[in-house]
Amino acid sequence: ACGSNDSNKNGSSASPQASNAASPSADNGAKKKFAIIFKNTGNPYGEKEMEGYKKAVEELGYEAILKAPDQPTAEAQIAMIEELISQKVDALAIVANDPDALQPALEKAMKAGIKVLSLDSAVNAQSRLVHVNQADPERIGRTLIQGVTEMIGGSGEIAILSATSQATNQNLWIEWMKKELEDPKYANVKLVKVAYGDDLRDKSVSETEALLKSYPNLKGIIAPTTVGIAAAGKVLTDKGLKGKVQLTGLGLPSEMAEYIESGVCPWMYLWNPLDVGYLSGYAADALVKGTITGKVGDKVTAGTLGEKEVIADGEGTQIMLGDPFKFDASNIAEWKAVY
Amino acid sequence: MAESEYVLELKGITKIFPGVKALDDVYFKLKRGEIHALMGENGAGKSTFIKVITGVHAPEEGEMFLNGRKVDFTHPTDAQKAGIAAIYQHVTNYPDLTVTENIFMGHEKVQRGTGRIKWSEMHQEAGKLLKELGASFSPKTLMGALSVAEQQIVEIAKALSVDAKIIIMDEPTAALTKNESEELYRISERLRDNGASIIFISHRFEDMYRLASMVTVFRDSKYIGTWNVNEISNNDLIVAMVGREISQLFPKKEARIGEELLRVEGLGKTGYFGDVGFTLRRGEILGLTGLVGAGRTEVCQTLVGVEKFDKGKVIYKGKELKVRGPREALRHGIGYLPEDRQKQGLVLQWSIGRNITLPTLEKYAKSGAINTRKELDIAKRLAEKVSVKAKSVFDLVSSLSGGNQQKVVFAKLLTAELDVLILDEPTKGVDVGAKSAIYEMISDLAVAGYGIILVSSEMPEIIGMCDRVAVMREGRITATLDRKGLTQEAILQASMDDSGTRDHAARGARA
Amino acid sequence: MEQRVLTNKKEFSAKSFILQWEWLLVALIVSVFVMNANLSEYFLDYDNLRDATMGFLDKAFIVLPMVFIIMMGDIDISVASIVALSSVVMGDLYNHGVPMPLAMAISLAVGTLCGWINGMLIVRYKELSAVIVTLATMTIYRGIAYILLKDQSVGKFPSWFKFLGWDYVGTIPFILIAFAVFAIGFWFLLHKTPFGRRVYAIGNNPTAARYSGVRVDRIKIVVFTLAGFMSAVTALFLTSRMGSTRPNIATGYELEVITMVVLGGISTAGGKGRMLGAILAVFLIGFLRYGLGLVNVSAQMMLIIIGGLLIVSVAIPQLKGRFAFKRKA
Amino acid sequence: MSAHAQSVKQAEQVVNGGRSMSAFIAKFRELGLLAFIVILAVGVQIRNHSFLTWENLTDIATNTAILSILAVGMMLVIITRGIDLSIGATLAFAGMVAALTVKHNPGLHPVAAVLVGVGIGIGCGLVIGFLVSWMKILPIIATLGIMNVFRGFTFEASGGKWVSAHQMPASFKGIATGSFLGINNLILIAIVIYIVAYYFVSHTRTGRRIYAIGSNPDSAEVSGIRTGRILMLVYTIMGGLAGLAGVLWVSKFASAQGDTASGYEMSVIAACVLGGVSIAGGVGKISGILLGSILLGILNNALPMINVSAFWQMFIQGAIILIAVLVNALVKRGIDRNNLMRRKI
Ligand SMILES: Nc1ncnc2c1ncn2[C@@H]1O[C@H](COP(=O)(O)OP(=O)(O)OP(=O)(O)O)[C@@H](O)[C@H]1O
Ligand SMILES: Nc1ncnc2c1ncn2[C@@H]1O[C@H](COP(=O)(O)OP(=O)(O)OP(=O)(O)O)[C@@H](O)[C@H]1O
Ligand SMILES: [Mg+2]
Ligand SMILES: [Mg+2]
């Protein structure tokens, strides 16, 4: 996993050879349009994802349209989908605020001949041709449990600090965490509570504090959300609980650098949002060109990322970027500048 | 300019409100150490004049001199700084603040340097002022908890607290009983003896005779003249104020008094009035008089259901009646002309026609929609009937003069089929011409068989128009007088005498 | 006494006809069209414009009763929560086997009930003011939606349900027809019936209205109940557009709705404005957003533009008033 | 006659009792809120023994500090019959600008960063004050529009990026985490603001005039109070406090985002309303909003601690707000009724 990530990084930072590919189709009139809609604006993670997408699209010589509503709501995304249908874009990649609520809008888009794919936060199988998955939810869930178990030395109480109670990704990961915990080797690890910080700073902080107080023996916190893990890192730092309560989860390197360097969070995971976007750009292109249709077994050649295969995902199909990447004191300094 | 013998002099003041010329080329002179009465009918422009002096209103034209120097007040604080204090007619207080704060608002005592308010000193001084005025409530009481008369006392204390050289009192006695008024006279005289000048507005002749040395009269926004109180006869003064002999103002026609329409028994509302009883018959005009704040308006409002009573009963046409609101009252045939036509009677931003038809809209509605043709026809007919001076029924009510506005309110009542009319101060702030038109209308309505309750503070009006008069004081009916033997003295006696109920000494012991 | 004659024939005044707020809105809409047509080749396209209306009309249903509420000098900030609760109730019931038409009817009833509760509280506790009452019920209604659905979303509605938000009658979107019907209904209610006239009276002078026999409390209850009902109507269309529902739908709708009403020239000081203005404002904001969206203006820029438009539009009449005032004094 | 005298006496006793009774009820409001808080605290303590610990109480105080600071400004605004919906946006904007400033000048003294935030806040407040007092735009509309504009500015200022912990110098983060005499800075700042605010509203002329113009704007006009200036001042204070809160927020959470504190204005208004500030103007006490903020703070802290399901929390908060304002209204009616009984007729 780590190996592939190294190449990702190179690929996404700057690749002179790839950008040359942009020149042939410079004629404006026929320039194909590839759109991406993120959850909401002003989110650096999202900015990176859109940046990666844009990079791929421009490498391919098309025009990239990046959109994000000011509030993370499905309603606003529906309006944006309509706008993109009107603009007759060729492909539409979406990071969904709701897996089901976009279905009618996306179906309309597909009917209008637009190739629809989701990335990161999926829409349901009927609403897309393919999903670009940043990492296997099962792997995320299981890895996080394995990680926290290692941190707390194999036994003790743990808790989860999630985003909103509605968040699809998080809920899926938490399910896998619970599955992993069923394994007898975790007999001594007890999940005491799933708390919801709603991805709000203040709420995440008070939820973390409540966890610490309600469960004085708490040994570890898993926060599979970037706002939550940063808030928890702050609380543990301020309360001087470094080493007493372990923290891991999914966080942005730039946000978490402080806490990883200090040891409050020994390590955490994430993938490279640039790569998620980048892969999606190529997947979109393949869909538009018709080289793939989104069925299992199709293969996408994704620029610097190499070849990726479409695999099954419940009722739908997906393209897996790779395993989550582990950030720890050894590599965080390098990554905090990237995203 | 030579040192003037006048502390205050105003020349050629004109003030125009939208639709009303409230002051028209008015003159006024005030000497040092003088108590000067300012008189005139309702709406003559007295209060407006005061507000010009105190900088609340900027006049369109005219000049003002203070000790011979021309001044130009653009803001009330300018007047305050110049040593002018005013007690406004309509209580202008802060119900959520304490009495002390109300007294010292605008000139709080503060520590020099830090700006910290010296509360204890202010409370003490407020207490002293209140005691001087014979009041007994604590200066820490919330203003909103006081009665109208008590609030009036606070207003007076407020004016006294600034040590002003010119003090203006706009109807300060209107809500006061005899004893309280007496207290006020004494204080005014003391202030005068200390060199202050006082402008005193009142509708009560006895106030003027008791206090003032000079009297200035306004009529219809115009300056009529200034006289030495000793030099002008009562009759001439009335002519100056009213513009004609008073008798011709009241065209009372004989109406046939019919069956009983309304009987009120033991009506009471906690904190407002108690044990009110009277009867009203068809064709009869029943006067309801008393001091401001005596509770007349409250009684009327409970009759039409704006307020709720908690004791007693109302019998209407032989049956007990409990209305839940003005709409029900209208349905039953009881109409109310409210006291404050601008706030309660009219939608000022609306046209004459719309105002007139508001109470009975459903009459002109056909299958849900308002039939505008029919509506406008009725509006036109009624507006003409009460002879509103305007060009069309689309003219905005806000552009009309007070009297014509009042006529529109009358027209509203005429749209419904009513038996009882309750008229609360129908001629307040109405010019003389409109006044007599309104009196004629009232008379005609009585002849037409309406039972009319006429609430008024004006003695001549009550005496001139009513068949019977009920006098209220502090929420109770103290006398019911017949037309025969109805005199000003009898009414005043009943409305102002405060033997009995109000007892300041007893309250003082408590506070 | 002299007899006066008043006319009751309205003279046509060109000046007052031209100085209507609605013309300003029309002018704005025209300039939005011109601007957008210049910016994007896709704007002046029948299909696009038609489909754009489907995107912004869902909340427009609430604009209609909100005109009445703001006209009376009140405000209702709980409408978005009522949308969420009605929608969640409908989804939950349907997923528990209640037939869809019945679930829809119950959803409408729930919305209406919520509105009625608002109205009752506002009328019974006058000292609280509508802001506070609806601030509290806003939290409560959405809170109930969360209690009902927890972290689930429900969907899988019958396929015909999609008709509401996505289909056409002929070539006209059904939601546009529905909005037109309701808009005409509310326009009629406000401008042609005694009820509407009384609402204006309350907005201008509630005391005088009461003394003139207008049952102010009753009218307020009716209006707030209507707002609840229309919120539930919005819930139907919105749910249809989303194909599913969850407790956090329609967040922030209350402010968008209020913005449209105010931009429509309805005076929050009460008693002024017309239904047509609010309806024009719906289309103005809708097409403005759509047009800016077509050229992919960023969300933050959109916020600044809409906020600025609101401020400027309420400032214009003030400026005019000040100017007039200055000339007189 | 003697019967009459007797009835007078009786009336007097009623009056007498009435007056002290109404004074009692007026106090009762704050006492009632306090009692409610105590009962709530005891109830929570029974369910979770770590509630009434020094540490938890400090946490509550720290987390409530920002809310309570904003409540001071909001109280002043509401007393003048206004409302400010833009404070969440002002907070975010000021916080973002302060964070960007320290990001680019890591050597900057934290006090300077605070001043930057407060300055931005004051600027925002002046704009609103201008719209409300000069343009005579209703506060709710003016702040609704401005809220969008400032929020847009925040996103524009940051270019869609966040300022995260590692980009902020330790001294800046220390503003919120540091302590003086063992008390967290946030709590100290809040205490200082409350003391100053208390002094301001009850011991200075300007403070009292804020109440006066809310209690009766017409009287204020004739008694020469410069309403426009006071409104300007009130919105500027609100803006300044929101700016300060922005810096504290960003420092406390070590993160500045475009959507910081989005919707926070509702919590602040709720704290004021719970604390007995009347939307009709003229009424509001510092002690009231302090209790109101504390009640909200306790709810935020306690509901998670006693394992109230996340799905019930919103409902419970709404219900408590509604009940509190209804009780408040009924108590006020009681006071009014007592005042009426006191009157003699
Ligand atoms: N703010 C105002 N706007 C419009 N018209 C006004 C205003 N104030 C007073 N007026 C009008 O100016 C005229 C003079 O009113 P003013 O109050 O000065 O009379 P007054 O002599 O004090 O009467 P009263 O004896 O009833 O107190 C009235 O017609 C009144 O309606
Ligand atoms: N603003 C007020 N604050 C306190 N008490 C009031 C207020 N207004 C009226 N009252 C009380 O209500 C009672 C009745 O007042 P009301 O106005 O009905 O009297 P009124 O005889 O009609 O006087 P007016 O001539 O002013 O109309 C009085 O006892 C008075 O103390
Ligand atoms: Mg007067
Ligand atoms: Mg009266």
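Below are the figures for this structure:
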read-out: Heavy-atom surface of chain B, accessible at 1.4 Å and reported per residue (Å²); value: 39 Å²
read-out: Student exercise, the protein assembly as shown dipole from Lys, Arg, Asp, Glu Cβ charges, in Debye to nearest 20; value: 2780 debye
read-out: Solvent-accessible area lost in complex, 30 Å² minimum, residues of the stretch C:211-255 relative to chain alone, 1.4 Å; value: C:Tyr211, C:Ser212, C:Gly213, C:Arg215, C:Arg241, C:Met242, C:Ser244, C:Arg246, C:Leu255
read-out: Distance in nm between pseudo-label sites at D:Ala170 and C:Asp45 (7 Å out along the Cβ direction from Cα); value: 5.8 nm
read-out: Chymotrypsin sites (Phe, Trp or Tyr not before Pro) lying in DSSP loop within the stretch D:161-223, provided at most 10 other Cβ fall within 10 Å; value: none
read-out: With at most 15 neighbouring Cβ atoms within 10 Å, loop GluC sites (Glu not before Pro) (DSSP) excluded, longest segment of chain C; value: C:42-329
read-out: Centre separation in Å (Cα based) which lies between the stretch B:378-426 and the stretch C:77-142; value: 44 Å
read-out: Volume per residue of the C-alpha convex hull in chain C, rounded to whole Å³; value: 186 Å³
read-out: Per residue solvent-accessible surface (Å²) - chain A, probe of 1.4 Å; value: 33 Å²
read-out: Viscosity 1.567 mPa s, temperature 4 °C, Stokes-Einstein D of the stretch C:140-180 from Kirkwood C-alpha radius, µm²/s; value: 103 µm²/s
read-out: Two-site FRET efficiency, B:Ile232 against B:Gln488, from Cβ-Cβ distance with R₀ of 25 Å, rounded to 0.05; value: 0.85
read-out: Per-residue HN-Hα couplings for the stretch A:257-262 [Karplus 6.51, -1.76, 1.60; θ = phi - 60°; Hz; x = Gly/Pro]; value: 3, 3, 7, 6, 5, 7
read-out: √(5λ) per eigenvalue of the Cα gyration tensor, the stretch B:89-134, largest first, Å; value: 20, 14, 8
read-out: Within the accessible area of the stretch C:42-314 (1.4 Å probe), percent carbon and sulfur; value: 68 percent
read-out: Distance in nm between pseudo-label sites at D:Arg229 and B:Gln111 (7 Å out along the Cβ direction from Cα); value: 2.3 nm
read-out: Area of D:Cys124 that stays accessible when all protein chains are in place (1.4 Å probe, Å², to 10); value: 10 Å²
read-out: Ratio Rg/Rh [Cα only; Rh per Kirkwood] for the protein assembly as shown; value: 1.02
read-out: Entries in A:Lys179/A:Lys308; B:Lys140/C:Lys126; A:Lys67/A:Lys88 that, when Cα-Cα distance is taken, lie over 20 Å; value: A:Lys179/A:Lys308; B:Lys140/C:Lys126
read-out: Heavy-atom accessible area ranking, 1.4 Å probe, most first, across C:Val223, D:Val192; value: D:Val192, C:Val223
read-out: FRET efficiency, 1/(1 + (r/R0)^6) with R0 41 Å, evaluated for D:Val38 and B:Gln124 via beta carbons; value: 0.65
read-out: Alpha carbon centroid spacing (whole Å) that separates the stretch B:37-76 from the stretch C:243-322; value: 46 Å
read-out: Accessible area that becomes buried as B packs against C, both chains, 1.4 Å probe, Å², nearest 100; value: 3300 Å²
read-out: For chain B: relative contact order, % (alpha-carbon pairs under 8 angstrom, 6 or more apart); value: 16 percent
read-out: Heavy-atom accessible surface that D and B bury in contact, both chains counted, 1.4 Å, Å² to 100; value: 3500 Å²
read-out: Helix-only mean residue ellipticity at 222 nm for chain C, each DSSP H run of n ≥ 4 adding -39500 (n - 2.57), per residue, nearest 500; value: -24000 deg cm²/dmol
read-out: Dipole magnitude of the stretch C:42-314 about its Cα centre (Cβ charges: Lys, Arg +1; Asp, Glu -1), debye to nearest 20; value: 720 debye
read-out: For the stretch C:42-314, accessible area per residue (1.4 Å probe, heavy atoms of protein chains only), Å²; value: 29 Å²
read-out: Residues listed by number, the stretch D:116-146, amide nitrogen under 15 Å from C:Ala269 label point at 7 Å toward C-beta; value: D:131-142
read-out: Interface size A-D, as summed buried accessible area [1.4 Å probe, Å², nearest 100]; value: 2800 Å²
read-out: Longest DSSP-loop-exposure-free segment, GluC sites (Glu not before Pro), chain A, at most 11 other Cβ within 10 Å; value: A:1-181
read-out: Sites D:Ile195 and A:Leu241, calculated FRET efficiency, Cβ-Cβ separation with R0 30 Å, nearest 0.05; value: 0.35
read-out: Cut-off under 5 Å, modelled amide H: who pairs with B:Met169 long-range; value: B:Ile87, B:Ile199, B:Phe200, B:Ile201
read-out: Heavy atoms of D:Met341: accessible area, 1.4 Å probe, square angstrom to 10; value: 90 Å²
read-out: Amide H partners (placed H, <5 Å) of C:Lys59, local residues excluded; value: none
read-out: Cα-projected label distance for A:Gln146 with B:Glu259, points at 7 Å along beta-carbon direction, nm; value: 10.1 nm
read-out: In Hz, Karplus ³J(HN,Hα) per residue of the stretch D:47-60 (6.51, -1.76, 1.60; θ = phi - 60°; x = Gly, Pro); value: 6, 9, 6, 8, 5, 8, 10, 4, 4, 5, 5, 4, 4, 4
read-out: Solvent-accessible area, 1.4 Å probe, carbon plus sulfur percent, for the stretch A:90-203; value: 47 percent
read-out: Positive-end residue, the stretch C:42-314 charge dipole about Cα centroid, Cβ charges, pick of C:Phe179, C:Phe157, C:Ala109; value: C:Ala109
read-out: Semi-axis lengths, Å, the stretch A:215-271, gyration tensor of Cα atoms, sqrt of 5 times eigenvalues; value: 17, 12, 9
read-out: Added length on full extension, which subtracts the Cα-Cα distance from 0.36 nm per residue, D:Trp54 to D:Asp218; value: 54.1 nm
read-out: Segment B:Lys222-B:Arg381, length gained on full extension (0.36 nm per residue, minus Cα span); value: 53.9 nm
read-out: Protein-only accessible surface order, largest first, of D:Ile183, D:Ile39 at 1.4 Å; value: D:Ile39, D:Ile183
read-out: Per residue, the convex hull volume that the Cα atoms of chain A enclose (Å³); value: 123 Å³
read-out: Calculated from backbone phi, Karplus (6.51, -1.76, 1.60) coupling profile of the stretch B:169-184 in Hz, x at Gly/Pro; value: 10, 9, 6, x, 8, 4, 9, 9, 7, 4, 4, 5, 4, 4, 4, 5
read-out: Loop-located chymotrypsin sites (Phe, Trp or Tyr not before Pro) in the stretch B:330-404, at most 13 other Cβ atoms within 10 Å (DSSP); value: none
read-out: Label-reachable residues, the stretch C:203-222, where backbone N falls under 14 Å from a point 7 Å from B:Glu362's Cα toward its Cβ; value: C:213-216, C:218-219
read-out: Euclidean distance between Cα centres, the stretch D:58-122 to the stretch A:181-231, Å; value: 29 Å
read-out: With DNA, RNA and ligands ignored, accessible area of A:Ser162 (1.4 Å probe; Å², nearest 10); value: 0 Å²
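The values are calculated or read from the model by the stated rules, or taken from the named source; none is laboratory data. Note that this is a predicted model, so its numbers are computed, not measured. Note: ideal-geometry Cβ built from the backbone for every residue, glycine included; neighbour counts use all protein chains shown. Surface areas here come from the heavy atoms of the whole protein model, side chains and all, with no ligands, DNA or RNA. Shrake-Rupley method; radii C 1.70, N 1.55, O 1.52, S 1.80 Å.
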